1. Ignoring everything except DSSP H segments at least 4 long, calculate the 222 nm mean residue ellipticity for chain B; use -39,500 (n - 2.57) per segment, divide by total residues, nearest 500.
2. Let me check against my output: what whole-number percent is the relative contact order of the stretch B:18-234, with C-alpha pairs under 8 Å and at least 6 apart?
3. Compute a Gaussian network model of chain A, connecting alpha carbons closer than 10 Å, and tell me which residue from A:Arg198, A:Arg14, A:Arg122 fluctuates the most.
4. With each run of n ≥ 4 DSSP H residues scored as -39500 (n - 2.57), what mean residue ellipticity at 222 nm is computed for chain A after dividing by its residue count and rounding to the nearest 500 deg cm²/dmol?
5. Report, in degrees rounded to the nearest 10, the 0 to 90 angle that the Cα long axis of helix A:185-196 makes with the longest principal axis of chain A.
6. Are there chymotrypsin sites (Phe, Trp or Tyr not before Pro) in the stretch A:5-48 that DSSP puts in a loop and that have at most 16 other Cβ atoms within 10 Å, and which ones?
7. Please label the shape of the protein assembly as shown as rounded, prolate or oblate, based on the square roots a ≥ b ≥ c of the eigenvalues of the alpha-carbon gyration tensor (a/c under 1.5 means rounded; beyond that, a/b larger than b/c means prolate, else oblate).
8. Express the relative contact order of the stretch B:103-215 as a whole percentage, based on alpha carbon pairs under 8 Å and six or more residues apart in sequence.
Amino acid sequence: MTMLGNFDFDVIRRALPYLFFEGMRFTLTLTALAAFGGLVFGTLIALMRLSSYKWLGRIAGFYVDFIRSLPLVLVIFWFYFLVPYIGQWLTGASRPITVGAFASSLITFIAFEAAYFSEIMRAGIQSISKGQPAAASALGLTYAQSMRYVVLPQAFRNMLPVLLTQTIVLFQDTSLVYVLSIPDFLGAASKVAQRDGRLVEMYLFAALVYFVISCVASFGVRRLQSRIAIVR
Amino acid sequence: MNYNWNWHIFLEPNPMGTGTYLDLLLSGLVVTVKVSVLAWIIALVTGSVIGVLRTLPSRTASWIGFCWVEFFRNMPLLVQLFLWFFVLPELLPRTAGLWLKQLPNAPFWTAAIGVGLFMSARVAVQLQAGITSLPRGQKQASTALGLTTVQTYRYVLLPMAFRIILPPLTSEFLNTIKNSAVAITIGLIELTGQARSMQEFSFQVFEAFTAATVLYLLLNFVVVTAMRFLERYVAIPGYITGK
């Protein structure tokens, strides 16, 4: 054991404010906003896939299959270089606009996660019995109203554990913004590790933090799942 | 859009002197395939062992299986690769650590083992689900026939379970291919890595990433088609997918 003898806990202690107030804040904000955006767009994509307009369903299906067959790292690179050009096109500017690290990664993760969330929501919508939308339309509700008040709330509720599990995966996946040298939690840990030459301490600590958060979160999801199961 | 498209770039020689830019990307594809296949073998072998452990009546066995899965599932793959690549050599005795660091092609082996172990947790969970989905009578009948536990798994449970979980295993193999791109962070120049270096050498960002995207889609297509044939070949008569 060469390194464990001079394991330097003080390096971690001194870096704590930076790791959590900068790094973890970035990670958690990105996770929360990407999960929310992914859920909204994912639901829209799921509705497109299930709509009676065939071509709408085909476009949505193509998008989902396309995104799901690419590595997230490649998608991160794609959007990092593409978003400035899209921004230029949207705003009519004369040169590609500069997009901040946070905005760029948020757009990437929303676009990426929407594909995965849409599959979950599609399964959720399909799990609702046909009598529900039929009864809604018999009551005179429009398609939008029947979705808004009858189908989607139940689909969301049924799929809540799966959606939360996907959010835990998303939480872990946000660490991949490392490839753009963005200081998320892992990026911050890696910066300190390289500055102080303390790779062992910082990476072990980062692994421990990710592990504890994911474990606690998935334990919570399991509890929620059993509670929902009793209610139904 | 004031971007200078140049699709002929693929036929121009790359600065590494290894042929054209297309050759550069194809060599990346070969690395991606090699790492993914090796990682998949590791994932299948260890994942099967752990999956079986999780279904055994022994408390210790299922506890080991539980810990293995939770350990590899609750950390980002990127962090796991960093642990194997940067941390492990420091924790080992000096000579072993040095040997590990000086290993030729270290990123390749680290990526294969790291991605393999990461995926093994997922394979284990799938296999466990496959085994527990079998009717209880299968196991009871094997016991009644006088088969030992090993024989029961070898001749009765596993041949059934593996065929049942073939479709989810296909998507786990596709995930292995996708996850191999994370190895770019420990310096493995696979397909995404080569697209990135092509972008840095030639400044043709979108051509490079388009080509990488097409190659990933092709790889996906090949795997899905091959697995569909395999599924049909090993389908169990009497099950929905069987004849």
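1. Theoretical 222 nm ellipticity from helices: -22500 deg cm²/dmol.
2. Once divided by the residue count of the stretch B:18-234, the mean separation gives 30 percent.
3. Residue with maximal mean-square fluctuation among A:Arg198, A:Arg14, A:Arg122: A:Arg14.
4. -25500 deg cm²/dmol, from helical runs alone.
5. Roughly 10 degrees, rounded to the nearest 10.
6. The qualifying sites are A:Phe7.
7. Numbers: a/c = 1.39, a/b = 1.08, b/c = 1.28.
Note, shape of the protein assembly as shown comes out rounded.
8. 28
Any read-out appearing in this document is the output of simple, stated calculations on the displayed coordinates, not a laboratory observation. For clarity, every value in this text was computed on a predicted model and none was experimentally measured. Please note: Cβ atoms are built from the backbone with ideal geometry, for glycine as well, and neighbour counts cover all protein chains shown.
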